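Mind having a look at this structure? Questions to follow.
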Amino acid sequence: MSAYTHVKGGKLKLKGMKSDSKKKHKKKRKREGDVQDVKDEDAATHGGWWCVSIMDEIHGSIAIEMNTNAFVCALDNGMFTVGAPHSNISEGPDPPEQLTAVKVSESQIALKSGYGKYLSVNSDGLVVGRSDAIGAREQWEPVFQDGKLALCSHNGCFISSNDEGDIVAKSQTAGENEFLKIRSSAPRVKKQKDNVPDEDKGDIGSCEVSYVKKFQSFQDRRLRVNPGEKVDLEKARQKGKLHEKLLDRREKMKADRYCK
């Protein structure tokens, strides 16, 4: 029997017969729960410091990039200047160039330097870091528009750098000199998508206004919101019939392009 030990078993194949067996290539399908990591080349070349794009991403350790590879740098006298451009940016911002962002409200933040002082703007329009607590002067508003970012101070002016390299807040409009990047070293949190439309979020009043803006035909550019009580809307939301109730209310206003 030793002569047959190396014979492979299987279907009998006769000479001249065509094999009708085809190799099946199975494609790997992604599971719904799988997450594909997207490599951020910009962050990789900046020591892992990535550019924020929305307000919720501004928290923890950040750095303000005024020019290419040049960051806002804190001085020991409480002043701020634009640091020298990094030749080896892969190491990230230096410690004096790192700030701590504290969320104050839905649209404003406070910034603390490495010296433990909060940033503000003095009467001369210079950005300084000499405050021990957060007040009205220590609040900043990041303004996102068309993929660009500017930082507005309490005096309504945007920060930039002057000819001496000092950080100032003197311009009431944002131009090329006022555009900047805020980089963060905080771990990125990937939000799970929900099936709730943005219009359905928030209180019932803002929800109705959102749908009016979405569907109303603005012939005279005026919002026509039903002035009636909103108690029925709350009940309709609980029963899952909010959209039908909103449509009925908009139909009474006779200003909806989808209402008869």
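Here are the criteria: (1) crowded, with 18+ Cβ neighbours inside 10 Å; (2) hydrophobic (A, V, I, L, M, F, W, C); (3) over 24 Å from the mean Cα position of the chain (by Cα). Tell me which single one L119 does not satisfy.
Unmet condition: (3).
Could you check A74 against (1) open to solvent by 40 Å² or more (accessible area, probe 1.4 Å); (2) closer than 27 Å to D56 by Cβ and say which number it fails?
Single failed check for A74: (1).
Here is a list: N122, N77. Which entry is closer than 26 Å to G175 by Cα and without any contact (Cβ under 8 Å) to a residue 12 or more places away in the chain?
N122
Considering every residue within segment 125-132, establish whether at least one is open to solvent by 50 Å² or more (accessible area, probe 1.4 Å), out of contact with any strand residue (DSSP E or B) (no Cβ under 7 Å at 6 or more places or on another chain) and at pLDDT below 95.
Checked against the condition, which is being open to solvent by 50 Å² or more (accessible area, probe 1.4 Å), out of contact with any strand residue (DSSP E or B) (no Cβ under 7 Å at 6 or more places or on another chain) and at pLDDT below 95, segment 125-132 yields no hits at all.
Related question: Tell me yes or no: at least one residue of segment 59-72 is in a loop (DSSP other than H, G, I, E, B) and more than 21 Å from E138 (Cβ to Cβ).
Yes, because at least one residue in segment 59-72 is in a loop (DSSP other than H, G, I, E, B) and more than 21 Å from E138 (Cβ to Cβ).
Okay, next question. If I filter segment 204-215 for residues that are assigned to a loop (DSSP other than H, G, I, E, B), among the aliphatic types (A, V, I, L, M) and at pLDDT below 75, do I get at least one hit?
Scanning segment 204-215, I find no residue that is assigned to a loop (DSSP other than H, G, I, E, B), among the aliphatic types (A, V, I, L, M) and at pLDDT below 75, so the answer is no.
Another one. Test A84 against the stated conditions and say whether it is open to solvent by less than 50 Å² (accessible area, probe 1.4 Å), aliphatic (A, V, I, L, M) and either out of contact with any Pro (no Cβ under 9 Å at 6 or more places or on another chain) or in a strand (DSSP E or B) (or both).
It is false that A84 is open to solvent by less than 50 Å² (accessible area, probe 1.4 Å), aliphatic (A, V, I, L, M) and either out of contact with any Pro (no Cβ under 9 Å at 6 or more places or on another chain) or in a strand (DSSP E or B) (or both).
Out of all the residues in segment 167-183, which are under 19 Å from L119 (Cα atoms) and open to solvent by 50 Å² or more (accessible area, probe 1.4 Å)?
K170, Q172, F179, K181
The values are calculated or read from the model by the stated rules, or taken from the named source; none is laboratory data. None of the values given here were measured: they were computed from a predicted structure. Positions of Cβ are backbone-derived with ideal geometry, glycine not excepted, and every protein chain shown enters the neighbour counts. Just so you know, the surface numbers come from the protein's heavy atoms only, side chains and all, with ligands and any DNA or RNA stripped out. Shrake-Rupley method; radii C 1.70, N 1.55, O 1.52, S 1.80 Å.
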